[in-house]
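Some notes on the structure that comes next.
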Amino acid sequence: KTMPTLFTDPRSGGIKKSSGVNVLPIVQETWAEVRDDSNSEVDWLIAGYHGNSKTDITVLTKGHGGLTSCANVLPCATPVFGGVRLSSGRFVTFFYADEATSVMKKGRASMHKNGVLNVLE
């Protein structure tokens, strides 16, 4: 008689550290630009994995034009994290992975999501 394999859900507590993700300083610096009321050049950013890294998060692109502009440049088959200043002046952060993103990439990115979005506060 074999014992069933126990799968633990990462949301059930797990390890309370940053899940091995390394958010590069440029992400926080760019988020500060987005949040800066005097800066009208940048009101959104999209961050993702640096090159072929599985842990380093960097800014992939940033821009102006609000949610629509940001949504228009979301990549295919690549999980990304981001933040936008809404026209109301509020800020929202997000995690995005389209249907073409592999299950492995989605899984890794979802484990890193909290670590990345905590930088975008």
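The values are calculated or read from the model by the stated rules, or taken from the named source; none is laboratory data. Given the structure is predicted, the values throughout are model-derived calculations rather than measurements. As a convention, Cβ positions derive from the backbone with ideal geometry for all residues, glycine included, and neighbour counts pool all protein chains shown. The accessibility values were calculated without ligands, DNA or RNA, using every heavy atom of the protein model including side chains. Shrake-Rupley method; radii C 1.70, N 1.55, O 1.52, S 1.80 Å.
Full extension of the segment from Glu33 to Met104, taken as 0.36 nm per residue of separation minus the current Cα-Cα distance, would add 22.4 nm. Rounded to the nearest 10 degrees, what's the angle between the helix 103-117 long axis and the longest principal axis of the chain, both from Cα atoms, 0 to 90? Tilt relative to the chain: about 60 degrees. To make sure I understand the rule: partners must be aspartates and glutamates, Cα under 20 Å from the Cα of Lys106, and not fewer than 8 residues away in the same chain. Which ones qualify? Qualifying aspartates and glutamates at Cα under 20 Å: Asp9, Asp56, Asp98. The protection proxy used here, the mean number of other Cβ atoms lying within 10 Å of each residue, ranks peptides 72-81, 49-58 as follows, highest first: 72-81, 49-58. Between amide H atoms placed 1.01 Å from N, distances below 5 Å from Thr101 occur with Ala77, all of them 5 or more places distant or on a separate chain. Size descriptors for segment 82-121 (Cα atoms only): Rg and Dmax, in that order, 12.1, 36 Å. Just to verify a number: FRET efficiency for Lys54 and Ser88, C-beta to C-beta distance, R0 = 30 Å, to 0.05? Computed FRET efficiency for Lys54 and Ser88: 0.25. Highest mean packing comes first when the peptides 85-91, 30-36 are listed by Cβ atoms within 10 Å, giving 30-36, 85-91.
How big, in percent, is the set of alpha carbon pairs in the chain lying more than 22 Å apart? In whole percent, the long-distance tail amounts to 38. Amide H contacts under 5 Å for Gly65: Asp43, restricted to partners 5 or more places along the chain or on a different chain, H placed in the peptide plane at 1.01 Å from N.
What does the charge count around Phe91 come to, taking other residues whose C-beta lies under 13 Å from its C-beta (Lys +1, Arg +1, Asp -1, Glu -1)? Here the count lands on -2.
Near Leu60, the amide H atoms lying under 5 Å from its own belong to Ile46, Ala47, Gly48; only residues 5 or more places off or on other chains count, and H is placed 1.01 Å from N. Using the Cβ-Cβ distance between Asn22 and Ala71 with R0 = 25 Å, the FRET efficiency computed as 1/(1 + (r/R0)^6) comes to roughly 0.40. Surface composition of the chain: carbon plus sulfur atoms contribute 54% of the solvent-accessible area (1.4 Å probe, protein chains only, all chains present). In the chain, helical runs assigned H by DSSP with n ≥ 4 each contribute -39500 (n - 2.57); averaged across all residues and rounded to the nearest 500, the mean residue ellipticity at 222 nm is -8500 deg cm²/dmol.
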